[in-house]
Amino acid sequence: MTVPAVSLAEALPHAVHGVSQDGIPYILVRPDQLVETVRQCRDDLDYIRWIDMTAVDELEVQPRFELQYMLYSMVDRRWLRLKTQTDGEPVPSIVSVFPGANWYEREVFDLFGITFEGHPNMTRLMMPDDWVGHPLRRDYPIGGEDVDFTVTRGVLGTGGGNELRG
């Protein structure tokens, strides 16, 4: 079950409202409205369950990045997708509202390069500390390390690691 769009529009008049292709209502807010909107969703609209966060990188669109937060009301069994957009400028952290967002914000920082102001530990989470760049950005170079598979041994000139075994 989802909340009627009228209820969200009345509660959050500053937001852009819509329904995603999957039927989940969404609201789009400016980054400076993010923390207060998340707090209002939790405290006033019963979206007390933090579910997920991700980023979308659309290289040809301005603003380039869209952050998507998934919230759930366990009382009313409703989903809500909250969105904000940035061109790469820092976005306020919501860890003060949902502590579980900590690692999700670090993951987005690590893989997309978006920083979160007020985050308690804005460091890499998945990539090595000395890694250069952010691999999920659309402008990140495609490629990688050679991996020794049976089908690539002729191309790479490797023997599959059996050379030392005799």
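The values are calculated or read from the model by the stated rules, or taken from the named source; none is laboratory data. Not measured: the values here are computed from a predicted model. Here the Cβ positions follow ideal geometry from the backbone for every residue, glycine too, while neighbour counts run over all protein chains shown.
For residue 97, indicate whether it is among the β-branched types (Val, Ile, Thr), surrounded by 14 or more Cβ atoms within 10 Å (Cβ to Cβ) and either touching a residue at least 12 places away in the same chain (Cβ under 8 Å) or under 21 Å from residue 20 (Cα atoms) (or both). Yes, satisfied.
Within segment 112-125, residues that are free of Cβ contacts under 8 Å to residues at least 40 places away in the same chain and under 22 Å from residue 141 (Cβ atoms) have Cβ atoms under 8 Å from residues that are part of a strand (DSSP E or B) and hydrophobic (A, V, I, L, M, F, W, C) in these pairs: 115/91, counting only partners at least 6 apart in sequence or on another chain.
Does residue 95 satisfy the condition of being within 22 Å of residue 120 (Cα to Cα) and in contact with a helix residue (DSSP H, G or I) (Cβ under 6 Å, 6 or more places away or on another chain)? Yes, satisfied.
Residues of segment 27-66 that are under 20 Å from residue 13 (Cα atoms) and hydrophobic (A, V, I, L, M, F, W, C): 27, 28, 29, 34, 35, 38, 41, 45.
Taken over segment 7-66, the criterion of being surrounded by fewer than 14 Cβ atoms within 10 Å (Cβ to Cβ), outside any helix (DSSP H, G or I) and of a type in the set (Asp, Glu) is satisfied by 22, 44, 52, 58, 60. Only one entry of 132, 147, 95, 75 meets the criterion of being under 18 Å from residue 39 (Cβ atoms), modelled with pLDDT under 95, out of contact with any Cys (no Cβ under 7 Å at 6 or more places or on another chain) and among the β-branched types (Val, Ile, Thr), and that entry is 75.
Of the residues 106, 81, 138, the single one that is more than 23 Å from residue 12 (Cα to Cα) and touching a residue at least 60 places away in the same chain (Cβ under 8 Å) is 138. Picking from residues in segment 112-136 that are buried (at least 18 other Cβ atoms within 10 Å of the Cβ) and touching a strand residue (DSSP E or B) at 6+ places or on another chain (Cβ under 8 Å), the one that is farthest from residue 57 (Cα to Cα) is 116.
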